[in-house]
Amino acid sequence: MIGSRVSAKICGLRTKQDVASIVSFGARYAGFVFYDPSPRAIVLDAAKTLVSQLPEYIVPVGVFVDPNDDDLERVKKSLPSLVIQLHGAEEPHRVAQIKSKFNCQVIKAVRVQSSRDLDEASGYEKTADMLLFDAKVADLNSLPGGNAVAFDWNLLAGATWSLPWVLSGGLTVENVANAVDVTGAKVVDVSSGVEDAPGFKSSHKIEEFLSVTKML
């Protein structure tokens, strides 16, 4: 699933312009949020239209939070190429179940605040295809992701995993180079960092972000 040295995933796409921007400026992954409480949530019909506009080299990713099988069935039936990103409290056995039942690649998000959270990630190495490290936010009203909050990247410095992994959480054009330098990330994920407001992507910010990642 990894292309050049540092690849980028732009998450929370909702419009044709969003997709046009990531295609023009060189993203590797396109993230679509299927979680209604999120300001970046997208309905299935709209997602189908946008995914159809992606070239083959851009991987479509559907973001779910503790989904049931019916939710996944409905989306995967319409979008069979979709990689599933699980951003909730899914246990390793649930990840394995989803991967097997829907015959798909799975990215498992792990929310990080301390080294203990990284210990939790090891439980997914035999079930997921990819790990994603995001910030754990204490605010009970926060969303599972897309909160513009970073965690201590030094926690990942020198860490090794048997799976490819993604760095997420509070990344911006100003800090992504440092984040990659500290962690050694080969894939970075951004959502709020390329927006003018929650759920409203900025083509200019996407261009800036991707221009930096291309040089890393």
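Computed quantities for the displayed model
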quantity: Fraction of beta bridges assigned by DSSP in the stretch 7-213 that are antiparallel (%, nearest 5); calculated: 5
quantity: Proxy reagent accessibility, fewest Cβ within 10 Å first, across TRP165, TRP153; calculated: TRP153, TRP165
quantity: Neighbour-count order for VAL190, VAL112, VAL149, fewest beta carbons within 10 angstrom listed first; calculated: VAL149, VAL112, VAL190
quantity: THR49-ALA148 pseudo-label distance in nm [points 7 Å out on the Cα-to-Cβ vector]; calculated: 2.8
quantity: Model label zone, ASP181; criterion: amide N under 17 Å from point 7 Å along Cα-to-beta-carbon; scope the stretch 201-215; calculated: 212-215
quantity: Amide hydrogen neighbours beyond the local backbone of VAL65, cut-off 5 Å, H modeled; calculated: HIS87
quantity: Within a Gaussian network of the chain (alpha carbon springs, distance under 10 Å), most fluctuating of ASP66, ASP18, ASP189; calculated: ASP66
quantity: Ascending count of other beta-carbon atoms within 10 Å, so fewest first, for MET130, MET215; calculated: MET215, MET130
quantity: Estimated FRET transfer efficiency when R0 is 35 angstrom, pair PHE200-ALA89 (beta carbons, to 0.05); calculated: 0.80
quantity: Using a Förster distance of 25 Å, the FRET efficiency for SER78-THR15 (Cβ separation, nearest 0.05); calculated: 0.85
quantity: For the stretch 21-68 and the stretch 195-216, distance of Cα centres in Å; calculated: 16
quantity: Karplus-derived 3J(HN,Hα), 6.51/-1.76/1.60, for each residue of the stretch 158-173, Hz, glycine and proline x; calculated: x, 6, 10, 9, 7, 10, x, 9, 10, 9, 9, x, x, 6, 9, 4
quantity: LEU132 long-range amide H proximity, modeled H, under 5 Å; calculated: LYS108, ALA109, VAL110, VAL166
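No value in this document is a laboratory result; all are computed from the given coordinates. Everything quoted here is computed from the prediction, not taken from an experiment. Virtual Cβ from ideal backbone geometry, glycine too; neighbours counted across all protein chains shown.
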